[in-house]
Amino acid sequence: MNIKIFVFFFFFIFCLSASAANSEPLVLLIQVQGDVRYTKDGESWNLISRNKFLYDGDRIKTDDSGSCKLINRETDVLQSINSNTEIAVSKQGINVLQGSLPEPEAAGDIISFLKRKFAKVQKYTMVRRKGRDTQNNYLQIAPEITLSKAYPEIVWENLGPGYSYELIVNGKKYKVPENNGYIVCFKLTDMIPGKFNYTINILYQGELLYVPQAKGTIRWLSESENTLFQKKVSRIHEIAHDNGFLMGNIMDEHGLKVAAMYEFQKFLAENPDINEVRPFLIKVYNDLKLNKMKHSETMLYHHNRIIGR
């Protein structure tokens with residue numbers, strides 16, 4: 001019986017993941033002000049107070065005080081919805097049922113990656129059985145990571161109490177003391193632009209325990225590269241101020257995985273019902289080799305799908 005339940009559960013999870021690409025959201029609703037409501041059936045209207053993804057067939061309406069903006073991931077445009085307006089979302093676009101819409105604003109390439117990324121991140125949500133014992137590989141590290149003066153933090157999975165670490169970047173050693181968190185965080189402050197090999201030695205109770213063979217690469221942005229990136233950050237703020245989902249994606253696209261992780265975490269803390277964002281965080285956990293956090297987030301994602309969140 002236990003085997004049957006196990007097989008059914010993983011078949012169910014597989015079906016959910018396989019169907020995800022066919023139920024991808026079309027629009028991200030942002031910058032809600034006043035009374036803004038949505039419905040799936042045209043009868044039961046629910047008040048919106050925060051960010052929300054909209055699907056084919058969803059409808060939105062505003063009253064005298066209501067307004068919001070919609071980001072269409074297919075057309076890369078930002079559409080304002082003013083007061084006393086009702087619209088329906090479809091795969092063909094936005095249909096006006098009441099009122100009128102101002103001319104949309106082109107968002108440019110800032111959000112163009114969303115068109116392909118929703119389907120791409122789904123593969124990271126597959127639930128896998130625990131792999132074989134990795135006794136010859138105590139610690140996995142991100143094979144490639146981008147850092148900068150503005151985003152200098154590198155992370156890896158904490159092995160537990162008693163463990164400390166020695167981060168080695170291009171031959172230079174940094175002592176990293178033990179801590180009680182799920183992950184170890186360390187800020188590099190004396191780097192120059194370029195690419196550098198790094199690895200992490202493992203110590204237990206102060207004694208060297210393991211010297212891994214695997215090495216990763218750190219890319220440190222130059223001032224000019226960071227300036228160009230900050231312009232894109234400023235553009236995101238113009239479109240949707242302090243939106244961790246958009247910010248996390250632009251950071252992920254540029255290899256700033258740790259900064260992306262923090263943005264996705266912050267967004268989900270503020271918008272816990274937007275389960276559609278969890279695969280993006282799961283992908284970043286995977287890229288950073290934070291396997292325990294990836295597993296926990298994956299199980300939460302599927303749990304929320306099962307209960308309809």
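The values are calculated or read from the model by the stated rules, or taken from the named source; none is laboratory data. Keep in mind that what you see is a predicted model, and the values were worked out from it rather than measured. Virtual Cβ from ideal backbone geometry, glycine too; neighbours counted across all protein chains shown. For accessibility, only protein heavy atoms count, side chains too; no ligands or nucleic acids. Shrake-Rupley method; radii C 1.70, N 1.55, O 1.52, S 1.80 Å.
Some observations on this one:
- Subset of the stretch 30-80 [among the aliphatic types (A, V, I, L, M) and without any contact (Cβ under 8 Å) to a residue 24 or more places away in the chain]: Leu47, Ile48
- Residues in the stretch 208-241 that are over 21 Å from the mean Cα position of the chain (by Cα) and of a type in the set (Asp, Glu): Glu223, Glu225.
- Count of residues meeting criterion [in contact with a Ser or Thr (Cβ under 9 Å, 6 or more places away or on another chain), of a type in the set (A, V, I, L, M, F, W, C) and either under 24 Å from Tyr262 (Cα atoms) or open to solvent by 60 Å² or more (accessible area, probe 1.4 Å) (or both)] in the stretch 193-213: 2
- For the stretch 247-305, filtering for residues that are closer than 19 Å to Ile218 by Cα, in a loop (DSSP other than H, G, I, E, B) and either charged (D, E, K, R) or open to solvent by 60 Å² or more (accessible area, probe 1.4 Å) (or both) leaves 2.
- Counting residues in the stretch 184-191 that are in contact with a strand residue (DSSP E or B) (Cβ under 7 Å, 6 or more places away or on another chain), of a type in the set (Val, Ile, Thr) and not in a loop (DSSP other than H, G, I, E, B) gives one or more.
- Enumeration of residues in the stretch 29-59 that are touching a Lys or Arg at 6+ places or on another chain (Cβ under 7 Å) and open to solvent by less than 30 Å² (accessible area, probe 1.4 Å): Leu29, Ile30, Thr39, Gly42, Ile48, Asp58
- Among all residues of the stretch 234-246, there is none that is in a strand (DSSP E or B) and in contact with a strand residue (DSSP E or B) (Cβ under 9 Å, 6 or more places away or on another chain).
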